[in-house]
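The structure appears right after this line, and notes come after that.
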Amino acid sequence: MTGGLVVSVSGKGGVGKSTVTVLLLKSLLDAGKGSILVVDADPDSNLADLLNVEAGLTVATIAARLKKDIAEGKFPPDFSKRDYFESKVFEVLCEEEGFDLLVMGRGEGEGCYCAVNDLLTNILDTLSKNYDYTLMDMEAGLEHLSRRTDRDVDVMVIVVDGSRLSQLTAKRIKEVAKEVHINFKRIVAVGNKVPPELGENLTEKVESLGLEFLGIIPNDQTIVSYELEGRSLLELPKDSPAVKAAREIASKIGLI
Ligand SMILES: Nc1ncnc2c1ncn2[C@@H]1O[C@H](COP(=O)(O)OP(=O)(O)OP(=O)(O)O)[C@@H](O)[C@H]1O
Ligand SMILES: [Mg+2]
């Protein structure tokens, strides 16, 4: 099995990565297509909150347990950490309606975080092969690139808002990916929380960075109120401006 489409969402802090991830998920769910894995790869994660689901165990927790068990000599020296971890990851997967959610979580203690990332990256390429679509909500900034969490990503979606800083981050993501030899099949940008009248200007700026611009998700007050009420963004009305815009973007990405 070759696996499905792996899409990862990155960008500067607070631009709307998690929101865009959920909106893309909603487009997929509304289209009723295929099996879906959602990965919350942000250690300061809140994707489960946006989806209003109970996040159970995280990958970081099982990695910490594994580390402890090894330190206590509970395993024979020749056992495969990877096999063990792989079997455990299935226990961490939360089965939701229409998709599975994997929460990476935060490493405990020094050094652990990187180890978790290594394991997660290895596990992700195995795991994502079982799904038609994998959506990954990355942490803010560039670190995930040097950790190579996104090495098997087909489409890197970089979210920008109207700010110059978010565009600078987009530029760096493109450059650093090249430096660390991550070859996304496609690297695209999406504007979020941008007033439509600034659309043309943003398109030009983003294209001058060498990124394909897929459109804008407008500032949508429904998102703000759902978030405040703790309602899942998956329940947003299908005709709300952000959901409609996300659907078009999902189609351009090739998700629907
Ligand atoms: N299109 C939108 N319209 C209105 N509000 C939005 C929109 N997109 C995001 N927001 C709001 O902006 C805030 C930041 O969004 P979000 O958490 O998705 O960003 P993020 O990039 O994932 O942040 P972090 O870097 O902390 O992970 C949230 O309060 C969210 O509700
Ligand atoms: Mg986020």
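Looking at (1) open to solvent by 50 Å² or more (accessible area, probe 1.4 Å); (2) within 27 Å of Leu145 (Cβ to Cβ), which is the one condition that is false for Asn201? So the condition that Asn201 fails would be (2). Just one of the listed residues (Leu127, Leu135, Leu214) is within 16 Å of ligand 2 (Cβ to nearest atom) and buried (at least 19 other Cβ atoms within 10 Å of the Cβ), namely Leu135. Region 102-215 holds helices (runs of 4 or more DSSP H) entirely within its bounds, and those carrying 1 or more residues that are closer than 24 Å to Lys252 by Cβ, of a type in the set (Gly, Ala, Ser) and modelled with pLDDT of 90 or more map to 112-128, 164-179, 199-208. Might you let me know whether region 68-87 holds any residue that is modelled with pLDDT of 85 or more and open to solvent by less than 40 Å² (accessible area, probe 1.4 Å)? Among the residues of region 68-87, not one is modelled with pLDDT of 85 or more and open to solvent by less than 40 Å² (accessible area, probe 1.4 Å), which makes the answer no. Note on region 144-172: residues that are open to solvent by 10 Å² or more (accessible area, probe 1.4 Å) and closer than 22 Å to Asn192 by Cα amount to 11.
Take region 217-230 and flag every residue that is within 16 Å of ligand 2 (Cβ to nearest atom) and open to solvent by 80 Å² or more (accessible area, probe 1.4 Å). Hit for region 217-230 is Glu227, nothing else.
The values are calculated or read from the model by the stated rules, or taken from the named source; none is laboratory data. Given the structure is predicted, the values throughout are model-derived calculations rather than measurements. Don't worry about glycine lacking a Cβ; one is built from the backbone with ideal geometry, like all the others, and counts go over all protein chains shown. To get the accessible areas, we keep the full protein, side chains included, count just its heavy atoms, and leave off ligands, DNA and RNA. Shrake-Rupley method; radii C 1.70, N 1.55, O 1.52, S 1.80 Å.
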